[in-house]
Amino acid sequence: MLNTTNLHAAEARLSAAYAAEQHLRRHGASLCDLLDALDDPSGFAALCDLHGAYGQPIPDTDAVETALRDIQRILAEQTPSSLDRIGHERRLPASDMARWHGARVSELLARFRHAQ
């Protein structure tokens, strides 16, 4: 017998992964610029992992969620002074970018939490 609860959860996780993919298509270049500018190379690696999760016809939802969590953590760990320094050195609005991308990643992760 088919467990509809598990089916709905799987569908909701796929929907969350597709929402993340759409976000990445629209705003991935900006997120890439920010993560590349940070002093933590694991941020850029997490973005690469996120892209890699979409390498199959059906995305790896666990890999998408993990990469988003890593990106969220890395953005949250940035100090205002390091973001200000990056903004000055790279002429990027790094503080604003970190807040905006952090909020969007949090929203995407909330979709995964609601899928469980």
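Which number in (1) under 22 Å from GLN116 (Cβ atoms); (2) modelled with pLDDT of 95 or more marks the one condition that LEU83 misses?
(1)
Of the residues in the stretch 92-104, how many are in contact (Cβ under 8 Å) with a residue 24 or more places away in the chain, part of a helix (DSSP H, G or I) and over 12 Å from the mean Cα position of the chain (by Cα)?
2
Which numbered condition in (1) open to solvent by 30 Å² or more (accessible area, probe 1.4 Å); (2) in contact with a Lys or Arg (Cβ under 6 Å, 6 or more places away or on another chain); (3) not charged (D, E, K, R) is the only one that ALA16 fails?
The one condition ALA16 does not meet is (1).
Just the residues that are open to solvent by 80 Å² or more (accessible area, probe 1.4 Å), in a loop (DSSP other than H, G, I, E, B) and free of Cβ contacts under 8 Å to residues at least 12 places away in the same chain, please, taken from the stretch 61-91.
Within the stretch 61-91, just ARG91 meets the criteria.
Does the stretch 45-62 contain at least one residue that is closer than 29 Å to LEU92 by Cβ and of a type in the set (D, E, K, R)?
Yes, the stretch 45-62 has at least one match.
Working only within the stretch 19-59, note down all residues that are in a loop (DSSP other than H, G, I, E, B) and either polar (S, T, N, Q) or touching a residue at least 24 places away in the same chain (Cβ under 8 Å) (or both).
LEU38, ASP39, ASP40, ALA53, TYR54, GLN56, ILE58, PRO59
The values are calculated or read from the model by the stated rules, or taken from the named source; none is laboratory data. This is a predicted model, so every value here is computed, not measured. Counting neighbours? That spans all protein chains shown, and the Cβs are built from the backbone with ideal geometry, glycine included. Just so you know, the surface numbers come from the protein's heavy atoms only, side chains and all, with ligands and any DNA or RNA stripped out. Shrake-Rupley method; radii C 1.70, N 1.55, O 1.52, S 1.80 Å.
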